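Asker: Quick one: this structure, given as structure tokens, is what I'll be asking you about.
The values are calculated or read from the model by the stated rules, or taken from the named source; none is laboratory data. Keep in mind that what you see is a predicted model, and the values were worked out from it rather than measured. Positions of Cβ are backbone-derived with ideal geometry, glycine not excepted, and every protein chain shown enters the neighbour counts. Ligands, DNA and RNA are excluded from the accessible area calculation, which covers all protein heavy atoms including side chains. Shrake-Rupley method; radii C 1.70, N 1.55, O 1.52, S 1.80 Å.
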Amino acid sequence: QVQLVESGGGSVQAGGSLRLSCAAFGYTLSSYCMGWFRQAPGKEREGVAAIDSDGTISYADSVKGRFTISQDNTKNTLVLLLNSLQPEDTAMYYCASKYGSSWPRLPPLERREYKYWGQGTRVTVSS
């Protein structure tokens, strides 16, 4: 049974940092493209960062230089470090996997080929 479980969200002031984790169960995380997405009220869900099975990393322009995505293969966990947080970063953050996608062809930050999603962890940034 494939399951993704996010943790690490919280409420911080602008300029603060958070460490989000996504624990994967039922498959080897590093064998498939993994991504972090976020959705703020009234907005579309957008790709934040992704790491492909070959190690290629992608970031949205809005977070480049502030967020860092990585894998802890020992713990089968995906990590997102959020630094220099701004109020516009406030959103629900979701972990997703392309596990089960027969032939992924879309860019890593395009959400439609991701087949498994976590429940989300909330990030709130106040000014």
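Asker: Return the pair list, or none, for Cβ contacts closer than 7 Å from residues in the stretch 1-22 that are among the small types (Gly, Ala, Ser) to residues that are at pLDDT below 95 and assigned to a loop (DSSP other than H, G, I, E, B), at least 6 apart or on different chains.
Answerer: Ala14/Ser127
Asker: Could you count how many residues in the stretch 1-42 are more than 28 Å from Ser102 (Cβ to Cβ) and open to solvent by 40 Å² or more (accessible area, probe 1.4 Å)?
Answerer: Residues meeting the conditions: 9.
Asker: Across the stretch 52-79, which residue is most open to solvent (accessible area, probe 1.4 Å) among those that are among the hydroxyl-bearing types (Ser, Thr, Tyr) and in a loop (DSSP other than H, G, I, E, B)?
Answerer: Of everything passing the filter in the stretch 52-79, Thr74 is most open to solvent (accessible area, probe 1.4 Å).
Asker: Based on this model, can you work out whether Leu82 counts as buried (at least 21 other Cβ atoms within 10 Å of the Cβ), within 16 Å of the chain's Cα centre (by Cα) and farther than 16 Å from Thr56 by Cβ?
Answerer: yes
Asker: Okay, next question. Restricting to the stretch 91-112, count the residues that are open to solvent by less than 40 Å² (accessible area, probe 1.4 Å) and more than 14 Å from the chain's Cα centre (by Cα).
Answerer: Count: 1.
Asker: Any residue in the stretch 101-127 that is free of Cβ contacts under 8 Å to residues at least 60 places away in the same chain sitting within a Cβ distance under 9 Å of a residue that is among the β-branched types (Val, Ile, Thr) and open to solvent by 50 Å² or more (accessible area, probe 1.4 Å)? List the pairs, counting only those 6 or more apart or interchain.
Answerer: none
Asker: Looking at (1) under 14 Å from Arg38 (Cβ atoms); (2) open to solvent by 40 Å² or more (accessible area, probe 1.4 Å), can you tell me which one Gly120 breaks?
Answerer: Among (1) under 14 Å from Arg38 (Cβ atoms); (2) open to solvent by 40 Å² or more (accessible area, probe 1.4 Å), Gly120 violates only (2).
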